[in-house]
Amino acid sequence: MSHHAPLILDIAGTALTEADRVRLEHPLTGGLILFQRNWHDREQLELLCAEVKSIRPDILICVDHEGGPVQRFRTDGFTHLPPMRAFGEMWMKDKGGTGTGAMAATNAATAAGYVLGAELRACAVDFSFTPVLDLDYGESSVIGKRAFHRDPRLVSVLAKSLMHGLLRAGMANCGKHFPGHGFVTADSHVDIPVDKRSLKAILAEDAAPYEWLSTTLSSVMPAHVIYPKVDSRPAGFSSRWLNDILRGQLGFGGAVISDDLSMAGARLIDGREVSFTEAAVAALNAGCDLVPLCNQSLGDGRAVDELLAGLDEALAKGQWRASEASEQRRLALLPVGPALDWDSLMAHPDYMRALDLIP
């Protein structure tokens, strides 16, 4: 039987408990997502990551580290990265239509990607869920200044520049939230946003970066948003969105990572409230390769254990199939090449140059 480790879990504290170790050893666990509560300082983070890797060398240690309002590690030397909107604004500060603003902005975005990736890797973190490819319509409560710009062409070029910087640090990337979370006002963490535009309108605007970046994106995170003109299910649970449109029409070949299963947008499918296991099975069957469950390790973490057991049982019953291709896409997100340790990074000319360029 082919192996496939689709679950990305979290832990409650700054060090592993016995329960954490058991969960990480589970063959269905493929990733660990870190939050601010898992951070004390760099030394602690490195020790934590080293222990995780001693249990499972191939586990993907990830974090939401975008810059601006979404950056989990901010102290003990970590650079405070600007929100992505800062690069869009830089682009627009053009001197007399010469394109100098655009050139400066793309270079600065690459610098930010390099600093972001290199600092995380120096602490043994593998992967960040970045960049945001949503368009800045000025309406979304949850996206806001996390977006580069309103124009999908600018978004694509700036995101590609940021991803170039990540790549120089040996880090993969994650475009989110497919096909676009920028148009809706509601926040999918607490609500199920509905975007009533036609497929044609969405493909022409919000989803355009996914097509233009299909050779560059390592992974994509779909939105917990319903687009009723296309499918009654949120994008992350929709084979139409993931298989037909993202993979078929837009030519994307990397990993699809569902958004957090504990968000409100994931708990209702076809109008019915579902368990975490049902949500995970629905996401995997719709075309997701990886499914994160966040913030359920707090307390006794029963929900995490129930999901591991439930997904195991669903696999045995044939309710979802382990996919070797999915597992290969997961492994492809692990970093490439040796990482510089923190002290070497701080003295590295590329790093010092990059810091000067970040707005």
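Each value in this text was obtained by applying a stated rule to the coordinates, not by laboratory testing. None of these values were measured; they are calculated from a predicted model. All Cβ positions, glycine included, derive from the backbone under ideal geometry; neighbour counts span all protein chains shown.
Residues of the stretch 95-109 that are in contact (Cβ under 8 Å) with a residue 24 or more places away in the chain and either surrounded by fewer than 24 Cβ atoms within 10 Å (Cβ to Cβ) or touching a strand residue (DSSP E or B) at 6+ places or on another chain (Cβ under 6 Å) (or both): Ala102, Thr106, Asn107.
Selection of the stretch 179-221 for residues being crowded, with 19+ Cβ neighbours inside 10 Å, in contact (Cβ under 8 Å) with a residue 60 or more places away in the chain and under 18 Å from the mean Cα position of the chain (by Cα) yields Pro179, Ser188, Asp206, Pro209, Tyr210, Leu213, Ser218, Ser219, Met221. Scanning the stretch 56-94 for residues that are buried (at least 17 other Cβ atoms within 10 Å of the Cβ) and basic (Lys, Arg), we see that the one that is farthest from Asn173 (Cα to Cα) is Arg56.
Here is a yes/no grid of residues against (1) in contact with a Lys or Arg (Cβ under 6 Å, 6 or more places away or on another chain); (2) at positive phi; (3) acidic (Asp, Glu):
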site: Leu284; (1), (2), (3): no, no, no
site: Gly287; (1), (2), (3): no, yes, no
site: Pro292; (1), (2), (3): no, no, no
site: Gly299; (1), (2), (3): no, yes, no
site: Glu306; (1), (2), (3): no, no, yes
site: Ala316; (1), (2), (3): no, no, no
site: Ala322; (1), (2), (3): no, no, no
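Of the helices (runs of 4 or more DSSP H) entirely within the stretch 287-359, those holding at least 1 residues that are in contact with a helix residue (DSSP H, G or I) (Cβ under 6 Å, 6 or more places away or on another chain) occupy 302-316, 342-346, 349-357. For the stretch 90-107, check the following and say yes or no: at least one residue is farther than 30 Å from Val22 by Cβ, within 20 Å of the chain's Cα centre (by Cα) and either not acidic (Asp, Glu) or not in a helix (DSSP H, G or I) (or both). Checked the stretch 90-107: no residue is farther than 30 Å from Val22 by Cβ, within 20 Å of the chain's Cα centre (by Cα) and either not acidic (Asp, Glu) or not in a helix (DSSP H, G or I) (or both). Answer yes if at least one residue in the stretch 8-28 is within 17 Å of Gly117 (Cα to Cα) and not in a helix (DSSP H, G or I), and no otherwise. No - not one qualifying residue is present in the stretch 8-28.
For the stretch 130-141, name all the residues that are of a type outside the set (S, T, N, Q), part of a loop (DSSP other than H, G, I, E, B) and surrounded by 22 or more Cβ atoms within 10 Å (Cβ to Cβ).
Initially, the stretch 130-141 is screened for residues of a type outside the set (S, T, N, Q), giving 131-139.
Remaining after also requiring part of a loop (DSSP other than H, G, I, E, B): 131, 133-139.
Within the stretch 130-141, Pro131, Leu133, Asp134, Leu135, Asp136 qualify.
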